[in-house]
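Coordinate-derived values only; no laboratory data. Note that the coordinates shown come from a computational prediction; the quantities given were computed from them, not determined experimentally. In this analysis, Cβ positions are derived from the backbone assuming ideal geometry, glycine residues included, and neighbour counts consider all displayed protein chains.
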Amino acid sequence: MGVEICVEGLTKSFGHQVIWRDVSLTLPAGEISVMLGPSGTGKSVFLKTLVGLLKPDRGSITIAGRDITRLREHDLYEVRKLFGVLFQDGALFGSMDLYDNIAFPLREHTRKPESEIRRIVLEKMDMVGLIGAERKLPGEISGGMRKRAGLARALVLDPEIILFDEPDSGLDPVRVAYLNQLIVDLNAQINATFLIVTHDIASARQVPDNIGLLFRRELVMFGPRQVLLDSDEPVVGQFLNGRMQGPIGMAEEKDAAQVEQELAELGAGHRRGPQGGKGATGAGVTPRLLPSPGIVRPPRWQDIADRESGPRAREGADL
């Protein structure tokens with residue numbers, strides 16, 4: 001079972017440069033959350049701070065009843081055992097085959113015999129669809145396979161929290177779709193708490209329970225997925241629709257007067273044309289990805305499936 005992460009008033013800076021300030025949110029236990037934001041807004045810094053690799057200037061991060069910002073190194077090391085991390089490029093050792101890459105955390109952090117390590121490694125490789133590729137080197141496989149190998153390695157210590165740092169980077173849309181389905185299937189199987197940093201809007205619409213958005217050194221919003229998809233917040237609507245009109249510019253934030261003019265023009269265009277959906281994002285009811293057939297759905301996922309089938313079933317009845 002995953003654990004809850006409670007973040008209160010978190011602030012981080014490097015020298016005089018503030019990355020973000022007063023970030024407060026709760027990642028619910030066992031749920032999938034996504035953190036969005038333009039490039040350079042400190043999403044990866046946020047992940048590193050959550051796992052204790054970076055120390056914040058102010059604020060608290062409470063995990064399993066312990067504020068990790070105030071722990072000694074030995075105690076922090078114990079809390080880190082709750083985490084698994086999938087890095088952007090998989091971060092595999094190039095000279096090791098996939099089997100040894102995935103076995104590495106078990107050999108480094110446990111005293112399990114090789115027979116037990118083999119059982120665990122093959123189990124995790126099977127979960128991510130890599131059985132048969134044990135002896136391949138990272139340089140011999142595709143980017144998607146490297147991501148899955150990195151994910152298998154993140155799973156071997158049975159973490160209660162898994163952090164994904166842009167898992168879709170460098171992948172084509174088809175592989176991203178497969179990876180999204182894999183993430184949903186894994187959540188249903190292991191019930192851990194997932195936090196995903198991504199730029200992929202399709203992933204943000206379909207995969208998570210909760211969405212957050214970092215912008216201008218602040219957490220603009222964090223909450224249930226459909227609340228963000230239906231939001232009238234300008235920066236949320238701009239980001240989720242990939243529009244040029246709005247507060248986000250090419251390199252820096254736009255001038256306030258320019259933003260106001262663009263949003264006024266955008267609003268006029270919406271009034272003239274048909275509405276694409278509810279809220280600024282035009283999302284309406286966006287269907288969630290559900291666990292694949294054959295995956296046993298725990299109660300949480302069964303409740304999601306029941307809610308998702310309800311609106312679509314009613315829509316079908318009205319046709």
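Once you have a ≥ b ≥ c as the square roots of the Cα gyration tensor eigenvalues for the stretch 1-69, tell me rounded if a/c is under 1.5, and otherwise prolate or oblate according to whether a/b is larger than b/c. Intermediate values should be presented prior to the final figure.
Numbers: a/c = 2.19, a/b = 1.41, b/c = 1.55.
Verdict is oblate for the stretch 1-69.
Working from the Cα coordinates of the chain, the gyration tensor eigenvalues give, after taking √(5λ), semi-axes of 34, 25, 19 Å in decreasing order.
The mean sequence distance of close C-alpha pairs (under 8 Å, at least 6 residues apart), as a share of the length of the chain, puts its relative contact order at 20 percent. Note on Glu308/Asp75: beta-carbon distance plugged into 1/(1 + (r/R0)^6) with R0 of 45 Å gives a FRET efficiency of 0.65.
Using the count of nearby Cβ atoms within 10 Å as a rough guide to exposure, how do His199, His16, His109 rank from fewest to most? It would help to have the intermediate numbers written out before the result.
On the way: His199 16, His16 5, His109 13.
Exposure proxy ranking, most exposed first: His16, His109, His199.
Residues Phe215, Phe194, Phe104, ranked from the fewest to the most other C-beta atoms within 10 Å, line up as Phe104, Phe215, Phe194.
Converting the Cα gyration tensor eigenvalues of the stretch 141-261 into ellipsoid dimensions via √(5λ) gives semi-axes, longest first, of 31, 16, 12 Å.
If you rank Phe87, Phe46, Phe14 by fewest surrounding Cβ atoms within 10 Å, what's the result? Before the final figure, lay out each step's value.
Values: Phe87 18, Phe46 27, Phe14 11.
With the fewest neighbours first, Phe87, Phe46, Phe14 line up as Phe14, Phe87, Phe46.
Close amide H pairs (under 5 Å, H built 1.01 Å from N) link Ile196 with Ser33, Val34, Met35, Phe164, residues at least 5 positions away or on another chain. Number of Lys-Lys pairs in the stretch 5-228 with C-alpha atoms under 20 Å apart and a separation of 8 or more places or on different chains: 14. Between the alpha-carbon centres of the stretch 132-201 and the stretch 1-61 there is a gap of 21 Å. Which residue fluctuates most in the GNM of the chain (Cα springs below 10 Å): Ala204, Ala91, Ala192? Checking each option, the largest mean-square fluctuation is seen for Ala91. Most simply put, the chain has about 55% antiparallel DSSP beta bridges, counting only bridges with both residues inside it.
The listed peptides 133-140, 221-228, ordered by packing as a protection proxy, come out as 221-228, 133-140 (highest mean of other Cβ atoms within 10 Å first).
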